[in-house]
Ligand code: LLP
């Protein structure tokens, strides 16, 4: 994904060509990036061969899920909808993990009927419901219990999940009580301890603290788990030169953990697999100049990509064609929605832009399309997959007629 002759290319196709062919706004995914990410992820942790379950909440496109499945990954789902989608993408039930604080009894029943690999329970009430279903069906059901390790993930507070004040998982005390309560149950088989401390983690230290708490908990529980599900959270670089997770260090922390504990590791990565795979192409509708800033009004908005409005997340915005002319003035890239937070990025300078130019909002593969909505009654953009010289629509642009 580079500039060739000043034109931005996704694989072997220029963005200008893609935007003419498919219109804007449009999500474009690179097959090559996806393949690299999966291969790299496997390589980082190859010494202990973890079970890798892709976190479907980060991107639930059917075609992408089936590619991910074909690369050997399972799925981490959080709703019946995601479970159905993973199955439809031909991901085998024995490779699917179900997480989430509020699975309904109907969802639990459905997941149990489908014989999925693991249900990670997050409350005593949930385990009681699973036990009822198990008794009714006269089966023993494998579950994991999610521990809240009270560990600061050192990421945005909106995407931190491992502190005691967060709704996720159970405190160590409650966790130990549940192990005691269910260890001899005829209907519940606790096979896994699961955690997930947050997302977009770019430092290995929070993971070290998390592993220390898990280790302590296992020792106190005096219980043999078959699996430890470490969740996802591995951060990516949204900005050049920003912090990068050191996978080598994270992997060696896990290796020393495994010296003390004979278990199989499960991961639930989302962003690290799909984040840098996606681009959102947008066209400049108008440029409005004020004394202090230029508003670059795009045809994409917070309904298409919500992360900046929701978390003040910053995504790089690149021009589709480079020019030498620079303007030293604040540029604010905004969408047409009637909300002040409908703003993608502010810069201190930018190259000269013109009406109808196409720009690329980068790294939107994770939590991009899945968070899109029809706010302001705007139709959702299409999704396109690019592989070398080929480009293919994998989700059609929504028709206004279907939402009106
Ligand atoms: N496992 C569990 C239990 C999770 O809650 C999550 C994400 C993941 C795995 C995958 O985490 P990842 O590897 O993608 O960091 N919408 C926010 C992110 C929310 C993450 C929610 N949980 C964003 O756009 O940054």
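What follows is calculated from the coordinates using simple rules that are stated; it is not laboratory data. In this text, all values refer to a predicted model and were calculated from it rather than measured experimentally. Neighbour counts run over all protein chains shown; Cβ positions are idealised from the backbone, glycine included.
Would region 31-272 count as rounded, prolate or oblate if I go by the C-alpha gyration tensor, calling it rounded below 1.5 in a/c and otherwise prolate when a/b exceeds b/c, oblate otherwise?
Values: a/c = 1.68, a/b = 1.20, b/c = 1.41.
It is oblate, given that a/c is not under 1.5 and a/b is not larger than b/c.
Start at zero, step by 5 Å, and the Cα-Cα distances of region 52-159 spread as 2, 12, 23, 20, 18, 13, 9, 2, 0 percent across the bins. Its alpha carbons give region 115-163 an Rg and a Dmax of 14.7, 44 Å.
Based on Cα atoms of the chain, Rg over Rh with Rh as the Kirkwood radius reads 1.01. For the chain, the longest principal axis of the C-alpha atoms and the axis of helix 31-44 are separated by about 40°.
Relative to the 2.2 N^0.38 Å rule of thumb, region 153-251 has a C-alpha radius of gyration ratio of 1.22. Calculated mean residue ellipticity, 222 nm, the chain: -8500 deg cm²/dmol, from DSSP H runs (n ≥ 4) at -39500 (n - 2.57) each, averaged per residue and rounded to 500.
Based only on Cα atoms, what Rg/Rh ratio does region 208-276 have, Rh being taken as Kirkwood's radius?
Working: Rg = 14.1 Å, Rh = 13.6 Å.
My calculation puts Rg/Rh at 1.04.
Region 24-86: Rg/Rh from Cα coordinates, Kirkwood Rh?
Details: Rg = 12.7 Å, Rh = 12.7 Å.
Rounded to two decimals, Rg/Rh equals 1.00.
Each label point was placed 7 Å from the Cα along the Cα-to-Cβ direction; for residue 177 and residue 397 their separation is 5.6 nm.
A crude spin-label estimate for the pair residue 63 and residue 239, with each label 7 Å from Cα along the Cβ direction, gives 3.4 nm.
Taking the C-alpha atoms only, the angle from helix 124-137 to the longest principal axis of the chain is near 70 degrees.
Classify region 230-376 as rounded, prolate or oblate, taking a ≥ b ≥ c as the square roots of the eigenvalues of its Cα gyration tensor: rounded when a/c is under 1.5, otherwise prolate if a/b is larger than b/c and oblate if not. Numbers along the way, then the final one.
Details: a/c = 3.11, a/b = 2.15, b/c = 1.45.
Verdict is prolate for region 230-376.
Which distance in Å, rounded to a whole number, links the C-alpha centroids of region 57-79 and region 157-232? Answer, in whole Å: 24. Structural size metrics of region 253-307, computed from C-alpha coordinates, are Rg and Dmax of 22.0, 64 Å. A straight line joining the Cα centroids of region 329-384 and region 103-128 runs 38 Å. GNM remark for the chain: springs join alpha carbons under 10 Å apart, and the peak mean-square fluctuation among 241, 113, 137 falls on 241.
Estimate the FRET efficiency between residue 43 and residue 184 by the formula 1/(1 + (r/R0)^6), using the beta-carbon distance for r and 25 Å for R0, to the nearest 0.05. Here the calculated transfer efficiency is 0.05.
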